[in-house]
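Here is the structure we will look at, set down as structure tokens.
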Amino acid sequence: MKEAQVKQLFSYPIKGLTPHPIHQVELECDYGIRGDRAFALMFLDSSDTPPQTIVPWMSKGNFAVQNDWPKLAKLECFYDAQSDCLTVRHQGVNLLNSATETQAERDRISAFFTGFLADAEPTPEARHPQHSPLHLVGSQSGETRYPDRAPVHISLMSQATLDELSEACGTLVDVRRFRPNILLEGIAPWEEFQGVGEEFYLGQSKIVITARIGRCANIEVDPDSGDRNL
């Protein structure tokens, strides 16, 4: 892959919820971005054991995420790691302010999202289409990460690819549909697909492109309205 520049960086503190644009990131070997997908909303019927705060990596079929439950995109969810506060808004109205450091506060978060999805319709392809109580799992301490696959990875996309998709669709395709960690510019459309097996540097971090990411139904979901419209 020829020389590229980083245009945008994203982190997703809670798996399946609002992307967080970030200005800089420190990549860690075999870990990726600290704080990325550190939390997740687990369906309680996904576990035979009593709810725990820390659970090991599991596939995303065990969690409530936008590609299965598009209604989640209607919410603006912002997690501040310094204050340990999750704020949830809808159309500018605060619906929830809660921390994760006590069980009572975590229970508030779990109950809120359980209630929010109570009347939601899953996508036809949903891995977990049943309504079930949700339980917030994970920690900002760095001991948990819940990306779509193990081992932990980061995801890359090129702005030129996004531009070509927008032209083909006849409308602006929002980068948030693809939920990348790193948006690159300066390379040709789809050139990132040709980089599998290559090594290159982002700043001082050496990156190895290991595989393409399979198509996800989340790209059909409008990141503001939650409608499936492309």
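The values are calculated or read from the model by the stated rules, or taken from the named source; none is laboratory data. Note that the coordinates shown come from a computational prediction; the quantities given were computed from them, not determined experimentally. A quick note on method: Cβ atoms are made from the backbone with ideal geometry, for glycine too, and the neighbour counts reach across all protein chains shown. Keep in mind that these areas ignore ligands, DNA and RNA; they rest on the heavy atoms of the full protein, side chains included. Shrake-Rupley method; radii C 1.70, N 1.55, O 1.52, S 1.80 Å.
Each Cα pair under 8 Å and six or more residues apart adds its sequence gap; the mean of these over the residue count of the chain is a relative contact order of 27 percent.
Amide H contacts for Gln8 (H built 1.01 Å from N in the peptide plane; partners 5 or more residues away or on another chain; cut-off under 5 Å): Leu183.
With the cut-off at 1.5 for a/c, could you classify region 123-230 from its C-alpha gyration tensor as rounded, prolate or oblate?
oblate
For region 185-201, backbone phi angles converted through the Karplus equation (6.51, -1.76, 1.60; θ = phi - 60°) give residue-by-residue couplings of 9, x, 10, 6, x, 6, 5, 4, 5, 7, x, 4, x, 8, 10, 7, 9 Hz, Gly and Pro being listed as x. Accessible surface for Glu121 stands near 140 Å², nearest 10, in the context of the full protein assembly shown (1.4 Å probe).
In a simple Cβ point-charge model (Lys, Arg +1; Asp, Glu -1; nothing else charged), region 179-230 has a dipole of about 220 debye relative to its Cα centre.
Using 0.36 nm per residue of separation minus the Cα-Cα distance, give me the extension gain between Thr171 and Leu95 in nm, one decimal.
On the way: separation 76, 0.36 × 76 = 27.36 nm, distance 3.13 nm.
Fully extending the segment from Thr171 to Leu95 adds 24.2 nm.
Rounded, prolate or oblate: which one fits region 10-81, using the alpha carbon gyration tensor with axes a ≥ b ≥ c (rounded when a/c is under 1.5, else prolate when a/b beats b/c, else oblate)?
Values: a/c = 2.21, a/b = 1.29, b/c = 1.71.
Judged from the Cα gyration tensor, region 10-81 comes out oblate (a/c at least 1.5, b/c at or above a/b).
When peptides 7-15, 170-178, 106-114 are ranked by their average number of other Cβ atoms within 10 Å per residue, the highest-first order is 7-15, 106-114, 170-178.
Can you give the local net charge around Met157? Use residues other than it whose beta-carbon is closer than 14 angstrom to its beta-carbon, Lys and Arg +1, Asp and Glu -1.
Values: positive: Lys7, Arg176, Arg177, Arg179, Arg212, Arg215; negative: Asp163, Glu164, Asp174, Glu185, Glu191, Glu192.
So the environment of Met157 carries a net charge of 0.
Rounded to the nearest Hz, the phi-derived 3J(HN,Hα) couplings of region 176-182 under the Karplus curve 6.51 cos²θ - 1.76 cosθ + 1.60 (θ = phi - 60°) are 5, 4, 9, 6, x, 7, 9, where x marks glycine and proline. The long axis of helix 103-116 is offset from the longest Cα principal axis of the chain by roughly 80 degrees. Restricting to DSSP H runs of at least four residues, report the calculated mean residue ellipticity at 222 nm for the chain, -39500 (n - 2.57) per run over all residues, nearest 500 deg cm²/dmol. When only DSSP H runs of four or more count, the value is -3500 deg cm²/dmol.
Mind checking which of Gly214, Ala150, Gln8 is farthest towards the positive end of the chain's charge dipole, using Cβ charges of +1 (Lys, Arg) and -1 (Asp, Glu) about the Cα centre? Ranked along the dipole, the leading option is Ala150.
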